[in-house]
Every structure is written in structure tokens, then in C-alpha cells.
Amino acid sequence: MRPLVSIIIPVFNQWTYTAECLAALHHHATEDIPLEIVVVNNGSTDETSTQLNAWRDRWSAIRVVSVEINEGFSPACNRGAAASTAPLLLFLNNDTIPQANWLAPLVEALGDPTVGLVGPKLLYPDGKCINHAGYVFGNGAFYPLYHGREATFPGANKQRDYQALLGACILISRQLFFEVGQFSLLALEDIDLCLKVGQRALTCRYVPSSVVHHHGSITLNNSPEGSFPVTSQSDFYDRWGNYPVAWDDYRWLILDLIWPAPEPKASLTTALKVADQSIAATVAAFEFRTAENLHDALTKTDEALRLWPDNPIAFVLRCKLLMQMGSRALFTQELAKYDRFAFSHRAMIELGELVKNLPLS
């Protein structure tokens, strides 16, 4: 029977984790979704090669692609994809442990024609805390939303469409994967792949009904220096610096009642529109500050905070501008509102740094 899904697993030593992953895949395999397991052995020097041969003898779904040297994650995934035969490709880290009924929800979600890539809820091995529940984009950076929160946290248990997902476990059609150019050989290849999917007007869907446990960076953290090719994240920003990535973290934080919404008596739809306007004014303030037009930057933070008094990014920027402009009295006056923004951990850290660096006179 032709496989429906090719699961591609790059490995470099760390056999104990690979064995745990393969055992979980085998245990949860079903006839409903025929599998092909393509393990790309990236020049392992431990017992991986011998043990993979033994597994291949026991489970006919397993195929092994051997590479003499460790070329890194992206080349291994691309090699595995080229050697695979199924119409759906699932890229899986070897330090993952798929849980019961993990694959069917992903396959079902990918059946939506508006979706280009899907991923599960990733928990740490004890099953209690979130390892990854989708990437969000904030003030000049992206980060995993709700990382470290309890697995039962409501916001992490809602199916959502994000701009990017973690590459530890993602499912994509074979056709789309090759159409967008496979994994980049440069840094942040999973984010890069997701943004390339987004360029096709397709979304990346987070599917929390699929659960996979993930140790996280086991191979990288337990390998000698020089074992992996070194890539620079600056290449990523060179490639995507002009791409209109949406600033979206505040929208999820408002929807999940983590951050207070503007106009709390209004509908969430209205609140989000006002928040969007406030963030747009905040972005303009950052741009004015970069151009060293501090007066207009400060005016834009005023606008942002009029629209949304609880906008922590605008408030912190306003405080920084007042310090930069030497307006210590106004800065002190603003700082009296410090406790209002306790809901934002990042704001607390940045404001604390400002106070610590405040001149004595």
C-alpha cells in the first residue's frame, strides 16, 4: 500500500531519543494512515547505524538515508523529502514522542484548501508544560506564544492560524514543499518555510488536538562544538526584512484576556480594531525615533496611548523617549503608572532597566 504520509526524521547520534521516537511512532501507527518513516542518518558515530538496521528489519515502513557527514537539519530534511514517496511530508525531530491519535488531526487540518502547513501542540516530556503552541510576532522579534505555561492553558488549546510554527513537527504537502523551495540552508529554516507558505496566501494552522512531547534541542545541546554547520540569523533578516510580517502578538494576548483590551465595554472586534490603530501609531513612533525625530515620535506615543491606555509597548517607548530627551520630571510622572502595566512581563523588565540606569542627578 502506498504511504499517505512520509515522516522524515534527521538524526545525529543520541540514539536513546531516536529509539523512543520510533517506538512511539510504531505504537500509535494505524492502518487508516499508511506511513513511510524516512530516517536520515547524518553521519552518526554512536550505535544509531546498527540500531536503525535492526529497526528496519522489524518494521518494513522504515527506510534509512545515510549521509557520511553531518550536514545539518535543513539538508537532512531536504534529502529525506527527495527520497520519500508519500504525497504528505511530516518533518519530525528525533527528540519527540508522538502521543495517541496525534497524526489524524494534522492530516484532517491540512485538508482545508486555505491551509498550507500544520503543526501540533508540543509539550515538554512530562506533559505538564507547553513547549510550543505557535510563533507570534511582536516588537521587532518573533517568539513562541505561551511557552512554559501549563498544558491546560485555554489559549494554547484553541485551533488557530499563525504566521509560523516550530519545525520540530510540521506537516505539509509534498507538492507545496518543493514548490516553495524546500527548507532554506540558512538560519531559521522553519520560520522561513512558513513565511514562504504565507506568500502563497496559505496559512500555518496550529492543531492542539494533536499532541507531541518534545525534549527540545537535545542533539544540538549534546553534540561537540563544530558538529553542525554554523548559520547566521542575520541572513534571515536580509531575506525577509522587507516582507510585511504582521505584528500580531497583542491580538492573541487580548483575545485570551492576558492583556486588557481597549474600550473594554465594546465588542472584541471593535477592541481589536482600536488596538490595531494603537499599534500602528506605535510603529510610526518607532520609525520617527529611528529617524531621530523624537518630538514626532513622542506625539505618536501619545496617540497610541489615547487609543489604548494599556498599550505596554507604547508606554515603554514613551518613557524611553522622555529619558532620551532629558525630560526627567515628565519621565518620573509617567513612571507613576508603572503598576498599570504589570500584566506585561517584558514591559516590567524594560521599565526596571530604565529606572536602574536613571542618572542620580
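The values are calculated or read from the model by the stated rules, or taken from the named source; none is laboratory data. Computed from a prediction, not measured in an experiment: that's the story for all the values here. Note that we place each Cβ from the backbone using ideal geometry, even for glycine, and neighbour counts take in every protein chain shown.
Below are the figures for this structure:
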read-out: Odd one out for residue 295 among (1) surrounded by 13 or more Cβ atoms within 10 Å (Cβ to Cβ); (2) out of contact with any strand residue (DSSP E or B) (no Cβ under 6 Å at 6 or more places or on another chain); value: (1)
read-out: Tally of residues being outside any loop (DSSP other than H, G, I, E, B), in contact with a Phe, Trp or Tyr (Cβ under 7 Å, 6 or more places away or on another chain) and crowded, with 22+ Cβ neighbours inside 10 Å across the range 69-88; value: 3
read-out: Cross-chain or 6+ apart pairs with Cβ under 8 Å, the range 1-17 first and touching a residue at least 40 places away in the same chain (Cβ under 8 Å) and part of a helix (DSSP H, G or I), then hydroxyl-bearing (Ser, Thr, Tyr) and buried (at least 19 other Cβ atoms within 10 Å of the Cβ); value: 17/219
read-out: Wholly enclosed helices (runs of 4 or more DSSP H) of the range 234-335 bearing at least 2 residues of a type in the set (Ser, Thr, Tyr) and assigned by TED's automatic domain parsing to the domain that holds residue 350; value: 268-290, 294-307
read-out: Residues within the range 141-196 that are among the acidic types (Asp, Glu) and touching a Lys or Arg at 6+ places or on another chain (Cβ under 9 Å), tallied; value: 4
read-out: Test: residue in the range 180-200 that is over 15 Å from residue 122 (Cβ atoms) and assigned to a strand (DSSP E or B); value: no
read-out: Members of the range 110-130 that are touching a helix residue (DSSP H, G or I) at 6+ places or on another chain (Cβ under 6 Å) and not in a strand (DSSP E or B); value: none
read-out: Residue check, residue 146 among the aromatic types (Phe, Trp, Tyr), at negative phi and either under 18 Å from the mean Cα position of the chain (by Cα) or crowded, with 23+ Cβ neighbours inside 10 Å (or both); value: no
read-out: Selection from the range 333-354 of residues that are out of contact with any Lys or Arg (no Cβ under 7 Å at 6 or more places or on another chain), over 19 Å from residue 257 (Cβ atoms), surrounded by 12 or more Cβ atoms within 10 Å (Cβ to Cβ) and not charged (D, E, K, R); value: 335, 338, 351
